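Enquirer: Shown below is the structure under consideration.
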Amino acid sequence: GNLLGIHLFQCPDAVGIVAKLSECIASRGGNIHSVDVFVPDDAPVFYARSEFTYNPRLWPRDMLRTDFLHLSDCFNAQKSTVRVPDIDPKYKIAVLASKQDHCLFDLLHRWQEGRLPVDIHCVISNHDRPVDNHVMRFLKRHEIPYHYLPTTSGNKREQEILELIEGTDFVVLARYMQVMSESFLKSYGKDIINIHHGLLPSFKGGSPSRQAFNAGVKLIGATSHFVTPELDAGPIIEQMVERVSHRDTLHSFVVKSENLEKQCLAEAIKSYCELRVLPYEVMKTVVF
Amino acid sequence: MLRTDFLHLSDCFNAQKSTVRVPDIDPKYKIAVLASKQDHCLFDLLHRWQEGRLPVDIHCVISNHDRPVDNHVMRFLKRHEIPYHYLPTTSGNKREQEILELIEGTDFVVLARYMQVMSESFLKSYGKDIINIHHGLLPSFKGGSPSRQAFNAGVKLIGATSHFVTPELDAGPIIEQMVERVSHRDTLHSFVVKSENLEKQCLAEAIKSYCELRVLPYEVMKTVVF
């Protein structure tokens, strides 16, 4: 049977990239289903995401890798990633959470339903949970390790976290309320996706629901973004809003916000796993 | 009698606010509209007014931007006999005294992308409500060029905010907010176009709610909008 392949590409713009991409796929008998191309007006950068089906007997996985590598070299690509979801290993992720577990539990639930195509390597938390807690029971049932690493202002346990997340493809901060240091980010080196319970750049930092409530806004939101050394300022992947009115209390602000956070984080992770997300300039993303 | 009955009720309960309106017989709200160079909001209001969807009496339009007589706004105002007052402003002179004289007798004022900041003394002197449209999703992107700020910040949603004017810039009680999605495919130009659409809708919605007696300031920075 035919397999689905996804290719994500970023390189300096030039004439003939799409032609070479298509030729590469077609020459191996592959059938392109969609190509999303984006070249900004004001910068000579080429971004593309291609979806194609192909016969693995005509195009073995290793050959697929080297063919795209060749393409990548041809065009001096900053990024060239190809994935065959059905045969490649799933993305291995670690999820960090603190006391609020609505995002964590939502991710676990989606994962269990097969809607989150990842392999959850472990869950790390600075909040202790009793064994009969619903999250703990779930993790135990699915044999996913839970590491309780309490933090203090003096000790963020970053070295231990780095060891636990080694070998993961990316990390998800699911309402993890500690700020990751610049050296932590450098050491890990791979992408970290965070959910902020506010509509950035409004309400950075703590208690954004309370800040929003006090500000009298009529819309509240959540933002998922890549983590950078600056707090709540990395490239935004997805944002969602919901209406609030005078009838809302701080409590209902929080409840609505939690709903948005779950959806927004899950959407960002899904886009990321489907190779739809590329950082763009300093603070932006292309999301195909 | 309706008036005195509700007045009695108001006295009974020491009401801060008690307003009763009978739209079919009471005089329409008399408003002044201030605009600068960008006239999309102004023209949208005029158009809605002409269609009978804005239940106000437009007393005058005041602008710090000059418009030639064949300009579409000017032709519209002339046709409907609405006075247009050109009052150029400088950093030293905001023409506030003249504006106060021109808006005297109005029930409220609309700042339809009027790009001057009204001073605290102006607001005190006028004393009545002033509704502004801010082309950004407050409290994000206060001040100038919010579309450009939003574009540079890489947000995926942009918005507009209509609010009551207070001495603090872009900080008064919010009446209405609206958003639209943007993506990497948007340019600064499309950010601005989408924003202009939102501003028109958001301002019109706020004025409509206000005229229908749906809006009440609530605590310091909020509104009840029934």
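The values are calculated or read from the model by the stated rules, or taken from the named source; none is laboratory data. Fair warning: this is a prediction, and the values are worked out from it, not measured in the lab. Counting neighbours? That spans all protein chains shown, and the Cβs are built from the backbone with ideal geometry, glycine included. SASA here: full protein model, heavy atoms, side chains in, ligands and nucleic acids out. Shrake-Rupley method; radii C 1.70, N 1.55, O 1.52, S 1.80 Å.
Enquirer: Hey, does region A:190-201 have a residue that's at pLDDT 95 or above, among the charged types (D, E, K, R) and farther than 26 Å from residue A:115 by Cβ?
Expert: Checked region A:190-201: no residue is at pLDDT 95 or above, among the charged types (D, E, K, R) and farther than 26 Å from residue A:115 by Cβ.
Enquirer: Name the pairs whose Cβ atoms lie under 7 Å apart, with the first residue in region B:105-117 and closer than 14 Å to residue B:127 by Cα and open to solvent by 10 Å² or more (accessible area, probe 1.4 Å), the second outside any loop (DSSP other than H, G, I, E, B) and modelled with pLDDT of 95 or more, and 6 or more positions between them or separate chains?
Expert: If the second residue must be outside any loop (DSSP other than H, G, I, E, B) and modelled with pLDDT of 95 or more, the pairs left are B:105/B:30; B:107/B:29; B:107/B:30; B:107/B:31.
Enquirer: While we're looking at this one, here's another question. Residues being over 22 Å from residue B:42 (Cβ atoms) and more than 7 Å from chain A (Cβ to nearest Cβ): count how many of those fall in region B:154-188.
Expert: Qualifying residue count for the region: 8.
Enquirer: Related question: Which ones in region A:34-53 are closer than 13 Å to residue A:82 by Cα and either away from chain B (no Cβ under 14 Å) or assigned to a loop (DSSP other than H, G, I, E, B) (or both)?
Expert: A:50, A:51, A:52, A:53
Enquirer: Let me ask you something else. What do you reckon, is residue B:117 away from chain A (no Cβ under 14 Å) and modelled with pLDDT under 95?
Expert: yes
Enquirer: With (1) more than 28 Å from residue A:220 (Cα to Cα); (2) open to solvent by less than 40 Å² (accessible area, probe 1.4 Å) as the list, and residue A:199 as the residue in question, which single condition is left unmet?
Expert: Result: residue A:199 fails condition (1) only.
Enquirer: Of the numbered conditions (1) farther than 21 Å from residue A:243 by Cβ; (2) surrounded by fewer than 17 Cβ atoms within 10 Å (Cβ to Cβ); (3) within 10 Å of another protein chain (Cβ to nearest Cβ), residue B:151 fails exactly one; give the number of that condition.
Expert: Evaluating residue B:151 over (1) farther than 21 Å from residue A:243 by Cβ; (2) surrounded by fewer than 17 Cβ atoms within 10 Å (Cβ to Cβ); (3) within 10 Å of another protein chain (Cβ to nearest Cβ) leaves (2) as the failure.
Enquirer: Got a number for residues in region A:270-284 being of a type outside the set (Val, Ile, Thr), more than 8 Å from chain B (Cβ to nearest Cβ), over 17 Å from residue A:120 (Cα atoms) and surrounded by 19 or more Cβ atoms within 10 Å (Cβ to Cβ)?
Expert: Total meeting the criteria: 3.
Enquirer: Would you pick out the residues in region A:221-234 that are within 10 Å of another protein chain (Cβ to nearest Cβ) and open to solvent by 10 Å² or more (accessible area, probe 1.4 Å)?
Expert: Passing the criteria: only A:233.
Enquirer: Let me ask you something else. Any idea which residue in region A:147-171 is farthest from residue A:187 (Cα to Cα), counting only those that are in contact (Cβ under 8 Å) with a residue 24 or more places away in the chain and part of a loop (DSSP other than H, G, I, E, B)?
Expert: So the residue we want is A:150.
Enquirer: Taking the options B:45, B:34, B:7, B:54, name whichever one is open to solvent by 80 Å² or more (accessible area, probe 1.4 Å) and either of a type in the set (A, V, I, L, M) or modelled with pLDDT of 95 or more (or both).
Expert: The match here is B:7.
Enquirer: Among the residues in region A:118-135, are any within 19 Å of residue A:264 (Cβ to Cβ) and either touching a residue at least 40 places away in the same chain (Cβ under 8 Å) or assigned to a loop (DSSP other than H, G, I, E, B) (or both)?
Expert: For region A:118-135, residues within 19 Å of residue A:264 (Cβ to Cβ) and either touching a residue at least 40 places away in the same chain (Cβ under 8 Å) or assigned to a loop (DSSP other than H, G, I, E, B) (or both): present.
Enquirer: Return yes or no: is residue A:121 under 24 Å from residue A:172 (Cβ atoms), crowded, with 19+ Cβ neighbours inside 10 Å and assigned by the TED database to the domain that holds residue A:194?
Expert: Criteria met by residue A:121.
Enquirer: So, in region B:171-207, of the ones that are open to solvent by 20 Å² or more (accessible area, probe 1.4 Å) and among the hydroxyl-bearing types (Ser, Thr, Tyr), which residue ends up farthest from residue A:246 (Cα to Cα)?
Expert: Looking at residues that are open to solvent by 20 Å² or more (accessible area, probe 1.4 Å) and among the hydroxyl-bearing types (Ser, Thr, Tyr), I get B:187.
Enquirer: Filter region A:241-269 down to residues that are more than 8 Å from every other protein chain (Cβ to nearest Cβ) and part of a strand (DSSP E or B), then give me how many there are.
Expert: Qualifying residue count, region A:241-269: 2.
Enquirer: Still on this structure, I have one more. Could you check residue A:241 against (1) in contact with a strand residue (DSSP E or B) (Cβ under 9 Å, 6 or more places away or on another chain); (2) of a type outside the set (Phe, Trp, Tyr); (3) closer than 19 Å to residue A:95 by Cα and say which number it fails?
Expert: The number of the failed condition is (3).
Enquirer: Say whether the condition of being within 15 Å of residue B:41 (Cα to Cα) and open to solvent by 30 Å² or more (accessible area, probe 1.4 Å) is met by at least one residue in region B:208-220.
Expert: yes
Enquirer: A follow-up question, please. Does residue A:107 fit the bill of being away from chain B (no Cβ under 14 Å), open to solvent by 20 Å² or more (accessible area, probe 1.4 Å) and closer than 25 Å to residue A:268 by Cα?
Expert: Criteria not met by residue A:107.
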